[in-house]
Amino acid sequence: MSNPYAPPEEPRPGEPPHAYPPPQQHPGPPRPAPRASDEPEPGTGGRPPQRPADAAGAARARSLGTLFGVLLLVGAIMSTFRLPWQVLSLVLVLAAAVVGGRGAVLAVRSHVRGALTPTLIAGTVLATLWGLLAGGTLALTWDLQTAHTQCLDRALTQAAHAECDQVYRQGIDDLQRRLTPSSSRG
C-alpha cells in the first residue's frame, strides 16, 4: 500500500509526466429505457418534472415586481406627509397591491422559480392590509386631521403648534374612547 501523502513519483523514461491509467469500465445494472409518459422518475418523490420558465413572462413579472416595490416605497414615504398627500399614499399602496397581484399571477403562470413569486404574494397581502388600515384610519379621522392641518397652517409660533397638537391628541383620545368598549359600562 502506497502512502497517499507522499509526493508523486518521478515519471519513468518514455512515459508522459503524470500519466494516469485509463479508467476502467465497470459493468453495472442496465439502465431502464426512457419513459414517454408523464410518470415521475423513481426516486424523485412523486413530483413531476419542472417545466422551464417562460422567459418573456418571467421578464414581465420581474418588471411588475420592480414597479410594485417602487409604488410601495413611494406610498410609504407619502404616508408620512400631511393630509392631502396621505390620500395619494393610500392610492399608491392600493395600486401597488393590484400591480403585485398581477405580477404574482404572471410569475406563477410563467413558472418563475426563486424568491420572486413568494415575495410578490406576501407583499401583495401586506399592501392590501396596509391599504385597508390606512383607508379606515383616514375615514375615521378625516375631520380631526383636516382641522389639525388647518390649525398648523395658521400657527406661527411654537406655542401655537403645541396647542394644535394638543387639540389633535385630545380628539384622537376622544375618538378612541368612543370606539373602544369600556368595562365600566355594564
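Simple spin-label estimate for Arg109 and Asp153 gives 4.5 nm between the two label positions (7 Å along the Cα-to-Cβ direction from each Cα).
Quick one: compute the contact order of region 55-177, relative version, from alpha carbon pairs under 8 angstrom and 6+ residues apart, as a percent.
Relative contact order here is 23 percent.
Suppose R0 equals 41 Å. What FRET efficiency, 1/(1 + (r/R0)^6) with r the Cβ-Cβ distance, do Asp174 and Val74 give to the nearest 0.05? It comes out at approximately 0.80.
Maximal additional length on extending the Asp143-Leu126 stretch stands at 3.4 nm, based on 0.36 nm per residue less the C-alpha distance.
Segment Glu163..Trp85, full-extension length gain: 25.8 nm, with 0.36 nm per residue of separation and the alpha-carbon distance subtracted. Each peptide in 103-116, 168-181 was scored by the mean count of other Cβ atoms within 10 Å over its residues; highest first, the order is 103-116, 168-181. Dipole magnitude for region 55-177: about 820 debye, using +1 per Lys or Arg Cβ and -1 per Asp or Glu Cβ, origin at the Cα centre.
Each value in this text was obtained by applying a stated rule to the coordinates, not by laboratory testing. Remember, it's a predicted structure, so these values are computed and weren't measured experimentally. Here Cβ is always computed from backbone atoms with ideal geometry, including for glycine, and neighbour counts include all displayed protein chains.
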